[in-house]
Every structure is written in structure tokens, then in C-alpha cells.
1. Do you know which of the residues in segment 163-188 that are more than 17 Å from V100 (Cβ to Cβ) and open to solvent by 70 Å² or more (accessible area, probe 1.4 Å) is modelled with the highest pLDDT?
2. Could you check segment 193-211 and list, in sequence order, the residues that are of a type outside the set (D, E), out of contact with any strand residue (DSSP E or B) (no Cβ under 9 Å at 6 or more places or on another chain) and at pLDDT below 90?
3. Pick from segment 189-229 the residues that are over 23 Å from K60 (Cβ atoms), in a loop (DSSP other than H, G, I, E, B) and among the charged types (D, E, K, R): which of them is least open to solvent (accessible area, probe 1.4 Å)?
4. With the requirement that a residue be surrounded by fewer than 20 Cβ atoms within 10 Å (Cβ to Cβ) and part of a loop (DSSP other than H, G, I, E, B), what does segment 57-67 give you?
5. Applying the selection to segment 68-78, what residues are assigned to a loop (DSSP other than H, G, I, E, B) and either within 8 Å of the chain's Cα centre (by Cα) or surrounded by 19 or more Cβ atoms within 10 Å (Cβ to Cβ) (or both)?
6. Here is a check on your reading of the model: is A122 over 16 Å from V51 (Cβ atoms), in contact with a Phe, Trp or Tyr (Cβ under 9 Å, 6 or more places away or on another chain) and not aromatic (F, W, Y)?
7. In the list C48, C86, which residue meets the criterion of being over 19 Å from the mean Cα position of the chain (by Cα), open to solvent by less than 50 Å² (accessible area, probe 1.4 Å) and modelled with pLDDT of 80 or more?
8. For segment 94-131, name all the residues that are within 19 Å of F42 (Cα to Cα), surrounded by 17 or more Cβ atoms within 10 Å (Cβ to Cβ) and aliphatic (A, V, I, L, M).
Amino acid sequence: MDTRRPPNRSPKTLRPFNAQAFLESAGDAKTIRPFARGEAIFTQGDACEHVMYIQTGAVKLSVLSETGREAVVAMLGPGDFFGEGCLAGQPVRMGSATAVARSTILFIAKAQMVRLLHKQHAMSDRFIAHMLARNIRVEQDLVDQLFNSSEKRLARALLLLAHYGKQDKPLRVAPKISQETLAEMIGTTRSRVNFFLNKFKKLGFIEYDGQHPLKVNGSLLSVILHERV
């Protein structure tokens with residue numbers, strides 16, 4: 001009687017993507033650039049020629065209206081792609097990308113990215129999973145903006161910045177971003193953000209002194225789960 005255990009058929013979880021490894025395996029030279037906090041990675045209207053991958057740091061995606069008003073579209077962190085519009089034939093950038101913390105960004109030329117997606121199935125699976133997750137996030141952000149209070153929107157933004165809800169271990173420490181940027185993200189004023197941050201601190205949901213990166217405690221979830229805290 002064969003007592004060997006049958007192979008495990010459970011779905012495999014996606015392993016952390018090693019950007020440098022996939023470039024080296026493809027025989028292409030890597031292009032990696034460091035960015036200081038506040039430095040532009042690309043600006044609205046720039047030529048759309050690369051897909052980018054965040055190795056370290058945090059990136060803000062924003063759009064500027066004709067009247068000069070800026071709207072924050074997304075906040076991204078390590079393991080996220082952005083600038084993928086070039087793969088769909090986008091000739092120029094529809095928005096801007098700015099490092100909100102010291103960041104290391106990998107640049108992948110459009111032709112190289114297309115070639116890798118066709119030839120490397122693991123890479124293609126990873127990228128498709130990323131795009132689907134981004135689409136879900138956009139829908140959630142829209143619902144959040146339409147139906148939740150600014151207090152709940154801020155709590156959700158802080159939890160996302162600290163990677164709560166992701167498969168990997170939460171960072172707990174959110175990237176150091178200004179209250180102005182947080183206000184732009186959730187569609188409120190800086191004074192309201194300051195009020196809620198002080199409230200969250202008093203209740204023990206966050207550790208915050210205005211000088212160092214903000215630390216997020218899991219108890220902040222109660223703001224989202226309940227109407228009032």
C-alpha cells in the first residue's frame with residue numbers, strides 16, 4: 001500500500017516579487033533610481049514611456065485640475081506598480097507621481113515590460129493580480145468617499161498606509177506624510193485631519209507627535225467598524 005501523502009493541491013500564495021531577479025533572468029539591465037521625499041517621479045503631461053515598481057518608500061499619485069487644484073488619487077508603497085498607462089497606449093501622463101518618503105523606484109521600459117509579460121508567466125500573473133487589486137481599491141475608495149465620514153476616511157487611509165489588511169505583516173509605522181497630504185487624500189481640511197489625529201492619539205489608536213512617523217495600532221479599526229468611537 002502506498003502511504004505517501006498526495007501532493008498539496010491548495011492554491012499557492014504569491015511570493016514577494018523580486019524585481020531585480022526578474023530583470024536579471026530576462027537578461028536586461030536594471031534601472032533603479034533613488035528619490036528624496038517630495039521629489040517628482042513624473043509630472044502630469046510627461047511622456048508615458050515606463051512602468052515603475054516601488055522597491056522601498058511611498059509614492060503619491062495625484063491629478064491637477066485646470067484651476068490648479070490637486071486631488072490625490074492613490075498612495076502606494078513597496079511592491080506596487082504604477083505608470084502602467086503606457087501599456088494601454090497612453091501617450092502622456094494623466095497625473096503626477098511624487099515620493100512622499102525616501103524611495104527607491106525601478107523603471108521598466110514599455111517594450112521590455114510587454115516582452116516580460118508575454119514570456120514570463122509568473123511575472124504576468126503577478127502583474128494581473130496587482131491590477132485587479134488596484135481596481136478593487138479604486139472602487140473601495142469611491143465608496144469610502146461617497147458614504148463615509150471624514151473621520152472614517154482618515155482611519156481607513158492610515159490603516160492602508162500601514163499595510164493593515166494585506167497578506168504580509170503590517171508595517172504599523174505609516175510613511176511620514178504631511179497633514180496637508182492626508183487632507184487631500186480624504187477630501188477634507190488640514191484642521192479636521194489635525195483634530196482627528198489628536199482624537200485618535202488620545203484614544204490610544206495611534207502614536208503621534210507630529211515629528212516622527214506615525215504609528216498605527218490595530219484598535220484604529222474600531223473607527224471604521226463603529227459609527228462613533
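The values are calculated or read from the model by the stated rules, or taken from the named source; none is laboratory data. Because the structure is a prediction, the values reported are computed rather than measured. Don't worry about glycine lacking a Cβ; one is built from the backbone with ideal geometry, like all the others, and counts go over all protein chains shown. Keep in mind that these areas ignore ligands, DNA and RNA; they rest on the heavy atoms of the full protein, side chains included. Shrake-Rupley method; radii C 1.70, N 1.55, O 1.52, S 1.80 Å.
1. Among residues in segment 163-188 that are more than 17 Å from V100 (Cβ to Cβ) and open to solvent by 70 Å² or more (accessible area, probe 1.4 Å), the one modelled with the highest pLDDT is R172.
2. Keep residues of segment 193-211 that are of a type outside the set (D, E), which gives 193-206, 208, 210-211.
From the residues that got through so far, the ones that are out of contact with any strand residue (DSSP E or B) (no Cβ under 9 Å at 6 or more places or on another chain) too are 193-196, 198-199, 202-204, 210-211.
Result: G210, Q211.
3. E227
4. Listed by number, the residues that qualify are S65, E66, T67.
5. Residues of segment 68-78 assigned to a loop (DSSP other than H, G, I, E, B): 68-69, 77-78.
Scanning segment 68-78 gives G77, P78.
6. Working: over 16 Å from V51 (Cβ atoms): yes; in contact with a Phe, Trp or Tyr (Cβ under 9 Å, 6 or more places away or on another chain): yes; not aromatic (F, W, Y): yes.
Answer is yes for this residue.
7. C48
8. Selection gives A97, A99, V100, A101, I105, L106, I108, M113.
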